[in-house]
Amino acid sequence: MTEGHEQAPSRQRRRFPDISSRTYEHPADRSALVALRKLSGFDTVFRALSGLLPERSLRLLFLSDSVRVSDAQFAHLHTMLRDACYILDLEKVPPMYVTQDPKPNAMCIGLDEPLIVVTTGLVELLDEEEMRAVVGHEVGHALSGHAVYRTVLLFLTNLALKVAWIPLGNVAITAIVTALREWFRKSELSADRAGLLVGQDLHASMRGLMKIAGGNHLHEMNVDAFLEQAEEYEAGGDLRDSVLKILNVLPRSHPFTTVRAAELKRWAESRDYQRIMDGHYPRREEDKDASVGDSFRESASHYADTVRTSKDPLMKLVGDIAGGAGDLGGRLRDRFTGGASGAANGSGAAGAGEKGE
């Protein structure tokens, strides 16, 4: 990392002193991170791996063949970066590079120190407020420690290609990469939330996602119609389409753009977001006391809620099967605990329910 954040944001935005990344992390992302942070020696192992990973090579590559953001180069991006670190109270500003690539993209990588890279395609595509959300997104990755795990994911992906000729080795690494990709897709939802906390402009975040999906033609696009696509994607089709959705998303490191937009809008309208904006959020100093069990229970609860409320045909089927199994389990429990007699007399809730049928 380089300098500290010395200046307040260029316009008045709410700041979050000592904010913990747990504040904005998606439940599935948070549970994995809390567990990893609790592992004794975890950081030491990853630093030992740093000699095997291409991090030093990547740093030299960007230093030699990209433009480092500073007061002298891409000064407006440097201001945004300092603003984002100030708002999220990140102690030091990570180095940031602009690299020539027409494809809009940004990433945060690094084991020892986070490194942010944005492409020229992205810089040219987004306006100032849209770009501010993206910079906040990447700073959110840095604050959460996602850069470490993304670097490992890149390494394992490359390793899977090299050992593809070893059947069992390839299967094992592919399984790990698949699991990491599922986690990383959730970490992208976390970073989207961080971007919103930095930009504090939901419309700008939505515009940015639309542009990533459809290019620089805002006059031809509409946020409400874009979000309707997400709803149609989730609810449309039959079981065959549900399977195709899973196959389509498996190789991706990011969720689909319409899905990200819908997820972010739901979070922005939630009570959790309002509480954060009111200054009620977990502090970094409390991270060491975070419960792994609580985090996993919250993650499990989130997935259960997702299955229960999803309009996807496969998810509805899973919910129906789970609900039927739960109902069957309840009846069996009643049979073995004496609840059945109450039902027979019409005095139990189950009895009343069966009578209604």
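The values are calculated or read from the model by the stated rules, or taken from the named source; none is laboratory data. Here the structure is a predicted model, which means the values were calculated and not measured. For neighbour counting, all protein chains shown are included, and Cβ atoms are generated from backbone atoms with ideal geometry for every residue, glycine included. Protein only, heavy atoms only, side chains kept; ligands, DNA and RNA dropped before computing areas. Shrake-Rupley method; radii C 1.70, N 1.55, O 1.52, S 1.80 Å.
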Search the range 59-75 for residues that are in contact (Cβ under 8 Å) with a residue 40 or more places away in the chain and over 21 Å from E113 (Cα atoms) and pair each with any residue that is open to solvent by 40 Å² or more (accessible area, probe 1.4 Å) and assigned to a strand (DSSP E or B) when their beta-carbon atoms are under 8 Å apart and the residues are at least 6 apart or on different chains.
F74/V67
K288 fails exactly one of the following numbered conditions: (1) assigned to a loop (DSSP other than H, G, I, E, B); (2) of a type in the set (K, R); (3) more than 17 Å from the chain's Cα centre (by Cα). What is the number of that condition?
(1)
Please count how many residues of the range 210-222 are free of Cβ contacts under 8 Å to residues at least 24 places away in the same chain and surrounded by 13 or more Cβ atoms within 10 Å (Cβ to Cβ).
3
Qualifying residues in the range 70-108 (those that are β-branched (V, I, T) and open to solvent by less than 10 Å² (accessible area, probe 1.4 Å)) - the one farthest from M210 (Cα to Cα)
V93
In the range 193-209, how many residues are surrounded by 17 or more Cβ atoms within 10 Å (Cβ to Cβ) and within 12 Å of K265 (Cβ to Cβ)?
6
Within the range 99-190, helices (runs of 4 or more DSSP H) holding 3 or more residues that are among the hydrophobic types (A, V, I, L, M, F, W, C) and modelled with pLDDT under 95
146-162
Residues in the range 230-255 that are within 25 Å of K211 (Cβ to Cβ) and open to solvent by 50 Å² or more (accessible area, probe 1.4 Å) total 7
P251 passes all but one of the listed conditions (1) under 27 Å from R181 (Cα atoms); (2) in contact with a helix residue (DSSP H, G or I) (Cβ under 7 Å, 6 or more places away or on another chain); (3) part of a loop (DSSP other than H, G, I, E, B); the exception is number (2)
